[in-house]
Amino acid sequence: MNLVITPYDPNDIPNEEEIPLPDPRFYEAVGGEEGFRKLIDDFYDRIVESDIAFFFPQEEEEIEKIKTHNGKYFAEISGGPKRYSEALGHVDQIKMHKPFSINEKHRDEWLGTWREVLEEHAKAIDPALVESYFRFLDQYSKLLVNRPRNARAFEDLAKA
Ligand code: HEM
């Protein structure tokens, strides 16, 4: 499987409506509810150990909530049940991510973490399905970068 992180270019941001959703067969291919939950568990377990851990709560209980809540979103976009939108309606993810100052390095780390998870758990799946999921994340994450790369990071300011 070929999971490509395309470079972030502030002058070439995709239109949200034009980003193709992942192939809806991805959810079942990865093992439905149980299989998908394993992906999500592994993703957030790695995130809290990653270079972007500072964005996320560290308490076990809070991470559990995030796994359950955010997992519904990622399952839904992959062809799973529409539990996220049933609970919340339409959520503007760009607005939702505004409180977090995300730069392109953070995006790389976030996508790199997903790539590790997929390479580990989705080895046996049709690569085209996995690639369609990753391509969505790669494109959509460009909309969530909201801070220039060379801006002083919050974590640096906190250290100063
Ligand atoms: C670019 C790197 C990204 C960073 C650093 C990031 C960071 C965060 C943080 C800190 C939160 C709040 C804590 C939490 O609930 O998890 C969050 C929530 C969330 N993120 Fe991201 N995110 C990124 C990319 C994405 C992408 C590409 C998507 C979707 C394709 C996404 C979907 C979500 C969702 C669904 C939530 C929960 C929103 C809600 O409260 O309902 N994130 N993200």
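Here is how the numbers come out for the structure above:
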| item | result |
| --- | --- |
| Qualifying residue in the stretch 38-61 (condition: part of a helix (DSSP H, G or I), more than 9 Å from the ligand (Cβ to nearest atom), farther than 21 Å from residue 116 by Cα and not polar (S, T, N, Q)) | yes |
| Search result, residues across the stretch 91-108 that are in a helix (DSSP H, G or I) and either of a type in the set (S, T, N, Q) or without any contact (Cβ under 8 Å) to a residue 12 or more places away in the chain (or both) | 93, 95, 96 |
| Of the criteria (1) open to solvent by 70 Å² or more (accessible area, probe 1.4 Å); (2) within 10 Å of the ligand (Cβ to nearest atom); (3) touching a residue at least 40 places away in the same chain (Cβ under 8 Å), which one residue 136 fails | (1) |
| Residue among 80, 35, 71, 112 that alone is within 10 Å of the ligand (Cβ to nearest atom), at pLDDT 95 or above, surrounded by 14 or more Cβ atoms within 10 Å (Cβ to Cβ) and on the phi < 0 side of the Ramachandran plot | 71 |
| Positions within the stretch 68-113 being of a type in the set (Ser, Thr, Tyr) and within 13 Å of the chain's Cα centre (by Cα), in sequence order | 73, 78, 113 |
| So residue 87, is it part of a helix (DSSP H, G or I), open to solvent by 40 Å² or more (accessible area, probe 1.4 Å) and either at pLDDT 95 or above or farther than 19 Å from residue 51 by Cβ (or both) | yes |
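The values are calculated or read from the model by the stated rules, or taken from the named source; none is laboratory data. Quick caveat: nothing in here was measured; it's all calculated off a predicted structure. Positions of Cβ are backbone-derived with ideal geometry, glycine not excepted, and every protein chain shown enters the neighbour counts. Side chains are part of the model used for accessible areas, which takes the heavy atoms of the whole protein and leaves out ligands, DNA and RNA. Shrake-Rupley method; radii C 1.70, N 1.55, O 1.52, S 1.80 Å.
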